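Okay, so here's the structure we're looking at.
The values are calculated or read from the model by the stated rules, or taken from the named source; none is laboratory data. As the structure is a prediction and not an experimental result, all values here were calculated from the model. Virtual Cβ from ideal backbone geometry, glycine too; neighbours counted across all protein chains shown.
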């Protein structure tokens, strides 16, 4: 396996694409390219969560896909221990992580994969994006706007180079209404204030921000098919985010799977020992999302195997 | 992921250990070591099959284990296109691949992993060996003799450094009686003649060879617990090999799982698109061996996750 971390900007070490590319694919299937998955970990736009990065990439690689992890711009550096400001402290704004930067980095990563397609044996017309929590928000924002001028003008390429074939959205922050501070629990307030500061460049949401930053409100006919999953018990990002996204997809006649598992906290990732930091993050019921996603991906991402060689 | 191919002998490039070591394990679980799987691909001791190497390692890595592929000594070089000698041609004997060399290389690989345990974050007391076909034969031979003088004298170490915690044996060549040339189909004859030449250093089996080289006849109280699987339809290595191994384990009170799937040819590996070269090697029923093995491994290989951090 060829695994390397590559910078998206020469002068920044925090924004990277990590490859999980199968070398033996070569001798196994000749000159055969494999569909790919690009993974955006969550972390409230404050950092990219470890448990939603490498473990997920390896699991998708085990399905036969070339896998990639994008660490997009976040408020805190990837290696730091996050310490939240105290409640009334002024929260510094960091322009590099404010929207649309993290979303545009998905497009940059798509182009980087396309550039190395031959070396990495990637079927560039079949790249699925997979995000968790804030990473799913980032993916969903991109899924709604990959062919808009905002993205095309920045990346200076044609839209067909940027189209994802499908998206996987795990416990997505899909509608900012549900995370507006007066809707959420008091103990989570600082978490969301820093998260707003990170992605919006301010600590309070206006109605206009909610409208602009809620991907479930911008699903359109060019949004790719989606696989949604979440847990009913999620107390950080309400399951209503996922339900509202499903409704928007249905309204626009975009095909989707949705799987809601009753039990399990926020941030389950694979929900197996592979991604868990603590025991309660292992949940055999919720872990079924992986095989459900594997079956769903086959609809558009199946390897085209020969009858004989 | 740290993936590198390391030579087992400085002066030979054909015998290698390839690592599939998770880097992020570090930040995920602190100073936590992970149990490991060492995989021996099949290939009739003629070469190490690609489809039973990297795809399998990645799939076990996705379970949370550090994974390794051992390419042991085989008759043909790993990169060559195998061309069988014609029926009556003299078959050259190559001493380097004759028993016990391939088996001793499993021990060498165990010690190499132990040597790098800190760097690779491996829990060296929990290494499972996994083999397919001839690779399973090699693993089973080792499983019966890891603490014998043959192994200990060659490796010059103490037996506790060599004990596998468990073994996984896929469509194993377990009893040479079933592959004796008068038992097998005529079209497979040359395959077996070259295979005998490779591992036995001669083309015909004596009764003594069958006795010595059939691991199902040497199961003892120090043989580790085993997970056996095969298909009823296998026409290259009869399912009877697996059944006889199960009987031997039962006789010695060694715990085991055994799963025989009715359909599927020899050499299925994962039986998914990840390992398949052609369509008939994808078999959703037989592919269930992986999740059955995942559950079985948990008995001795579960990650010890904390309740909280």
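General remarks:
- Among residues that are more than 13 Å from every other protein chain (Cβ to nearest Cβ) and under 18 Å from the mean Cα position of the chain (by Cα), residue A:255 is not included.
- Test result for residue B:223, in contact with a strand residue (DSSP E or B) (Cβ under 9 Å, 6 or more places away or on another chain) and at pLDDT 95 or above: yes
- Residue tally, condition within 26 Å of residue A:265 (Cβ to Cβ) and not in a loop (DSSP other than H, G, I, E, B), over region A:161-192: 18
- Residue in region A:174-190 that is under 30 Å from residue A:61 (Cβ atoms) and surrounded by 21 or more Cβ atoms within 10 Å (Cβ to Cβ) present: yes
- Output for region B:15-44, where each listed residue is more than 13 Å from chain A (Cβ to nearest Cβ), at pLDDT below 95 and closer than 13 Å to residue B:102 by Cβ: B:44
- Flag if residue A:303 is modelled with pLDDT under 95, within 12 Å of another protein chain (Cβ to nearest Cβ), surrounded by 13 or more Cβ atoms within 10 Å (Cβ to Cβ) and in contact with a strand residue (DSSP E or B) (Cβ under 7 Å, 6 or more places away or on another chain): yes
- Against the test of being in contact with a strand residue (DSSP E or B) (Cβ under 6 Å, 6 or more places away or on another chain) and within 30 Å of residue A:283 (Cβ to Cβ), the options A:179, A:230, A:238, A:214 yield a single qualifying residue, A:230.
- So residue B:55, is it part of a strand (DSSP E or B), within 11 Å of chain A (Cβ to nearest Cβ) and more than 21 Å from residue B:174 (Cβ to Cβ): no
- Boolean, residue B:270 is buried (at least 20 other Cβ atoms within 10 Å of the Cβ), in contact with a strand residue (DSSP E or B) (Cβ under 7 Å, 6 or more places away or on another chain) and within 12 Å of chain A (Cβ to nearest Cβ): no
- Of the helices (runs of 4 or more DSSP H) entirely within region A:193-309, those holding at least 3 residues that are within 18 Å of residue A:131 (Cβ to Cβ) occupy A:240-251, A:288-301.
- Any hit, region B:235-252, residues being within 12 Å of another protein chain (Cβ to nearest Cβ) and under 26 Å from residue B:185 (Cβ atoms): no
- Residue within region A:84-91 that is modelled with pLDDT under 95 and within 26 Å of residue B:64 (Cα to Cα) present: no
- Every residue from region B:46-66 that is more than 24 Å from residue A:282 (Cα to Cα) and without any contact (Cβ under 8 Å) to a residue 40 or more places away in the chain: B:47, B:50, B:53, B:54
- When B:288, B:279 are screened for being under 21 Å from residue A:295 (Cβ atoms), at the interface with chain A (Cβ under 8 Å from one of its Cβ atoms) and out of contact with any helix residue (DSSP H, G or I) (no Cβ under 8 Å at 6 or more places or on another chain), only B:279 passes.
- Residue check, residue B:119 part of a helix (DSSP H, G or I) and at pLDDT below 95: yes
- Of note, residue A:99 satisfies the criterion of being at pLDDT 95 or above and in a loop (DSSP other than H, G, I, E, B).
- Among the residues of region A:146-160, those that are in contact (Cβ under 8 Å) with a residue 12 or more places away in the chain, in a helix (DSSP H, G or I) and closer than 18 Å to residue A:221 by Cα comprise A:150, A:151, A:159.
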